[in-house]
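Please read the structure below before turning to the comments.
The values are calculated or read from the model by the stated rules, or taken from the named source; none is laboratory data. These figures come from a predicted structure and were not determined experimentally. Quick reminder, even Gly has a Cβ in these numbers, built from the backbone with ideal geometry, and neighbours come from all protein chains shown.
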Amino acid sequence: DLLGNDSIKLDWMFRQSFANDIATGMEAIHNSPIQAHGNLKSSNCLIDSRWACKITDYGLDLLRANQTPKDIGEFAVYRNLFWTVPELLPLADGFKDHKNKTQAGDVYSYGIVLYEIITRDEPYSTNTDTLSSKDVIELVRKRQEPAFRPQFSKFMEEKSGHKMVQVTQDCWDNDAQKRPTFSAIKKKLKANGMGKNLNIVDNMITMMAKYTDQLEDIVEERTKQLAEEKAKTDELLYKMLPRPIADELKKGNPVSAESFQSVTIFFSDIVGFTSVAAQSTPLQVVDLLNQLYTRFDKVVDEHDVYKVETIGDAYMVVSGLPVRNGERHAGEVASMALNLLSEVRDFQIPHIPSRKVQLRIGIHSGSCVAGVVGLKMPRYCLFGDTVNYASRMESSGLALRIHVSPECKEVLDRLGGYHLDERGPVTMKVG
């Protein structure tokens, strides 16, 4: 797990310390009544809280000999043999026979583990794309010359670990007599360290300092990623709800419905949209509305307004809530409406370029109640007669015109700067 975790940086001092720890442990086992490990592999080498590498799974031969091999599949069975010495492979069936373990076999297994430490890769990883684990074991079993072993890249051999590469290759020699003892391996490792003491206790302070720096880098990177993801989440939330409302919800505060005495509500739709949709595929309709409303959204962002929702070709905007802005709400909506008309005059329907978008707009000023509705997908909704009145102003309006209610006109007149033409009597549905 440690070797395969790219986020943990391991320099050569770390790796040489691990290699030395394992060699020291194996030397102790070979000098004990146990005499040989017989099942040395990277998964049996554990790192403790002080970054010392400890060997496990030794002295269990009699217990393992009485076990029935589990049905773990051919791939896993042969992969478990990657650390097994070639001279014992004809006898291997997934479990090591305690009668056949040898000290020379442990040295070979150590060589495979050393390969993993140097490369931080699995043994035979460069071969498993073309060979199955069974094929790999069959090639190792043949004991051909040159021996079939995990391959070091030329780049790896040229790096500072090239001396450890030579130790590794000595350990997995086909001739058991040529493999070094663990005492000799320790001397070579110390020599490769250019006289440095590889004892983990002596190097622990330096290693922990380096690891602390690495952890700080990892924490900093994760914190940066968290901040970026939080910013994306906030941005999405602010598109769904007004910023003040979203901020309160983020704090866990309940947001009660609120009454607003004076706001201006905008509605628009596309005249003849049904006939346009009839001449279009569903994808073309989606593309049309997406292009049009992308333009609308850019205009909305330039004014003190809040886009409430879009339903089909209907577009609803309000100003004056949730942050009150005096009587400016009418001017903000009116200016926005004029800018939207300018946008649609230059807009062509992509798949029907000969047909112009006929935007119809209605605006009305009055009071309303607003609040958040729903939990899974909360929406900021508006309620009251002002909403219905604004909708009817739009539906009774004319294409490419802005239908303004008398109440909204009064506010615009007080603001000044807006010219309005009287339309005349219009029959509107009430209630």
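Structure above, values below:
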item: Hits in the range 269-295 - residues which are in contact with a helix residue (DSSP H, G or I) (Cβ under 6 Å, 6 or more places away or on another chain) and under 30 Å from VAL369 (Cα atoms); result: ARG295
item: Every residue from the range 1-25 that is surrounded by fewer than 15 Cβ atoms within 10 Å (Cβ to Cβ) and of a type in the set (Ser, Thr, Tyr); result: SER7
item: Residue list for the range 356-386, restricted to those being small (Gly, Ala, Ser) and either within 17 Å of ALA314 (Cα to Cα) or in contact with a strand residue (DSSP E or B) (Cβ under 6 Å, 6 or more places away or on another chain) (or both); result: GLY362, SER365, SER367, ALA370, GLY384
item: Which numbered condition PRO180 fails, given (1) modelled with pLDDT under 85; (2) surrounded by 10 or more Cβ atoms within 10 Å (Cβ to Cβ); result: (1)
item: Residue in the range 424-431 that is in contact (Cβ under 8 Å) with a residue 60 or more places away in the chain, over 47 Å from the mean Cα position of the chain (by Cα) and over 27 Å from ARG295 (Cβ atoms) present; result: no
item: Where HIS329 falls short, out of the listed (1) of a type outside the set (A, V, I, L, M, F, W, C); (2) closer than 24 Å to TYR293 by Cα; (3) outside the structural domain of ILE270 (by the TED database); result: (3)
item: Restricting the range 326-373 to residues that are acidic (Asp, Glu) and closer than 27 Å to VAL285 by Cα, the residue that is nearest to the chain's Cα centre (by Cα); result: GLU343
item: Close pairs from the range 174-185: first over 17 Å from THR24 (Cβ atoms), partner among the aliphatic types (A, V, I, L, M), Cβ under 7 Å, at least 6 apart; result: ASN174/ALA147; ALA176/ALA104; ARG179/ALA104; ARG179/VAL107
item: Top-ranked residue of the range 285-318 - restricted to ones that are surrounded by fewer than 15 Cβ atoms within 10 Å (Cβ to Cβ) and acidic (Asp, Glu), ranked as nearest to ILE245 (Cα to Cα); result: GLU309
item: Among the residues listed as VAL387, VAL411, VAL357, VAL373, the single one being touching a helix residue (DSSP H, G or I) at 6+ places or on another chain (Cβ under 7 Å) and within 25 Å of SER259 (Cβ to Cβ); result: VAL411
item: Restricting the range 382-414 to residues that are in contact with a His (Cβ under 8 Å, 6 or more places away or on another chain) and polar (S, T, N, Q), the residue that is surrounded by the fewest Cβ atoms within 10 Å (Cβ to Cβ); result: SER396
item: Residue that is in contact with an Asp or Glu (Cβ under 6 Å, 6 or more places away or on another chain) and either at pLDDT 95 or above or of a type outside the set (S, T, N, Q) (or both), where the choices are GLY374, GLY362, GLY397, GLY417; result: GLY362
item: Matching residues, the range 66-82, being modelled with pLDDT of 65 or more and out of contact with any Phe, Trp or Tyr (no Cβ under 8 Å at 6 or more places or on another chain); result: GLY73, GLU74, PHE75, ALA76, VAL77, TYR78, ARG79, ASN80, LEU81
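Each row is one residue, and each column tells you yes or no for (1) over 14 Å from VAL107 (Cβ atoms); (2) assigned to a helix (DSSP H, G or I); (3) within 31 Å of the chain's Cα centre (by Cα).
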| site | (1), (2), (3) |
| --- | --- |
| LEU10 | yes, no, yes |
| PHE18 | yes, yes, no |
| ALA23 | no, yes, no |
| ALA28 | yes, yes, no |
| SER32 | yes, no, no |
| ALA36 | no, no, no |
